[in-house]
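S.K.: Dropping the structure in here first, questions after.
The values are calculated or read from the model by the stated rules, or taken from the named source; none is laboratory data. The structure displayed is predicted, hence computed values, not measured ones. Using ideal geometry, Cβ is built from the backbone for each residue, glycine included, and neighbour counts are taken over all protein chains shown.
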C-alpha cells in the first residue's frame, strides 16, 4: 500500500513505540463505506445526468492543505485545473487488484472522497496519500507511517482519514495513540465508522481528533453510522454523489494500476463521505482566518452533534 521508498517506515514507527505506548498487536482497519453501500454508477461526463459539478477551481492564499489518506486519486475531470493534483506525484486508484475483471469493492474511494471535499471547499490544496487498499484494508503501522510521511513533506492544515478499527479491549491501538499525540497545529478529521454502534472505533474515538458520524436525508444519524459520546460532528453521508472512476465494461484483466478506466459520477453512502464534508467546513474556516482551535470551536457551535 505504501510507495516503495516508504515501506521501511512502519518498522521505524514500531521501533519508536516504547514505554507508555507499549508494543501491541497490529490491527486491521477497514474503510468507511458500508459493506452493502458499494457505489452506484449514474453516468459519465458525456451524459447529462442529475449530478452536481464542482465549482470552478479557486486559489486560496495562503493555501489550506488537506492530506487525504485513502485509496489513491485519479485524474478525474473534476480535478482539472488544480495544480495540486500532481505536485506530490499521482497515485492512481487500483481498480482490480486480483485481476478478475470486476472492480474491487472500495475501488475509486479516494477519488470519491476528494470530490466531496472540493465540492464544498473549491480552494483547498489536496495532498493525497495511499493508505487503503482497493479492498478498503489497512493497519496500525501503515496509518502511523502515512501520518509521518505526509507531515514530513510540509505543513498540513487538516488530515482526513476514512478508516478505522475496533479493538478487543476497546482501547486505541498504542501505535496510533502515540502517533496522534505527536500531531500539533493540524486538525485531524476521522470517519466514525459504519457499525451502527456506540462502541469506540479507533482512531475516531480519540479525544484529539474530530470524529464524524453520517446523517441521512431527514437530518438524523443514519442507521449504519456509529454514534456515541466520542462522536464530535455529524454531516450528510447517505446517497452522496461525487466523482468516481470505474473499470471500462468488458475490459480484460490487466496489471493492477493500468486498468482501462472511465470517469463519471456515483452515489455512495458511509461515514467516509460525511467526514470530507466536515473537513471542507473546517478548511473554509481556516481560509477565513480562524486558527485551528477556534475553527473547531466555531464549527461545533454552528453544527452541534445530533
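S.K.: State all residues of the stretch 225-281 that are assigned to a helix (DSSP H, G or I) and either touching a strand residue (DSSP E or B) at 6+ places or on another chain (Cβ under 6 Å) or closer than 27 Å to residue 96 by Cβ (or both); if no residue qualifies, say none.
M.R.: 271, 272, 273, 274, 275, 276, 277, 278, 279
S.K.: Select from the stretch 282-306 the residues that are part of a loop (DSSP other than H, G, I, E, B) and at pLDDT below 85 and write down the one among them that is nearest to residue 211 (Cα to Cα).
M.R.: 305
S.K.: Might you check whether a residue that is in a loop (DSSP other than H, G, I, E, B), over 19 Å from residue 230 (Cα atoms), in contact (Cβ under 8 Å) with a residue 24 or more places away in the chain and in contact with a helix residue (DSSP H, G or I) (Cβ under 9 Å, 6 or more places away or on another chain) occurs anywhere in the stretch 157-168?
M.R.: Yes: one or more hits.
S.K.: Also, quick follow-up: Which count do you get for residues in the stretch 120-156 that are surrounded by fewer than 24 Cβ atoms within 10 Å (Cβ to Cβ), out of contact with any strand residue (DSSP E or B) (no Cβ under 6 Å at 6 or more places or on another chain), touching a residue at least 40 places away in the same chain (Cβ under 8 Å) and in a loop (DSSP other than H, G, I, E, B)?
M.R.: 6
S.K.: Related question: From the list 301, 286, exactly one residue is more than 22 Å from residue 133 (Cβ to Cβ) and surrounded by 18 or more Cβ atoms within 10 Å (Cβ to Cβ). Which is it?
M.R.: None of the other options fit; the residue is 286.
S.K.: For the stretch 183-203, how many residues meet the condition of being assigned to a loop (DSSP other than H, G, I, E, B), in contact (Cβ under 8 Å) with a residue 24 or more places away in the chain and more than 22 Å from residue 133 (Cα to Cα)?
M.R.: The qualifying residues number 8.
S.K.: Determine the pairs where a residue that is on the phi > 0 side of the Ramachandran plot and assigned to a loop (DSSP other than H, G, I, E, B), located within the stretch 82-108, has a partner that is surrounded by fewer than 17 Cβ atoms within 10 Å (Cβ to Cβ) and at pLDDT below 85 with Cβ atoms under 6 Å apart, the partner being 6 or more residues away or on another chain.
M.R.: Sorted first by the residue in the stretch 82-108, then by its partner, the pairs are 99/253; 101/253.
S.K.: Residue under question is residue 205, and the condition is that it be out of contact with any helix residue (DSSP H, G or I) (no Cβ under 9 Å at 6 or more places or on another chain), surrounded by 21 or more Cβ atoms within 10 Å (Cβ to Cβ) and either at positive phi or modelled with pLDDT of 95 or more (or both); does it hold?
M.R.: Yes: the conditions hold for residue 205.
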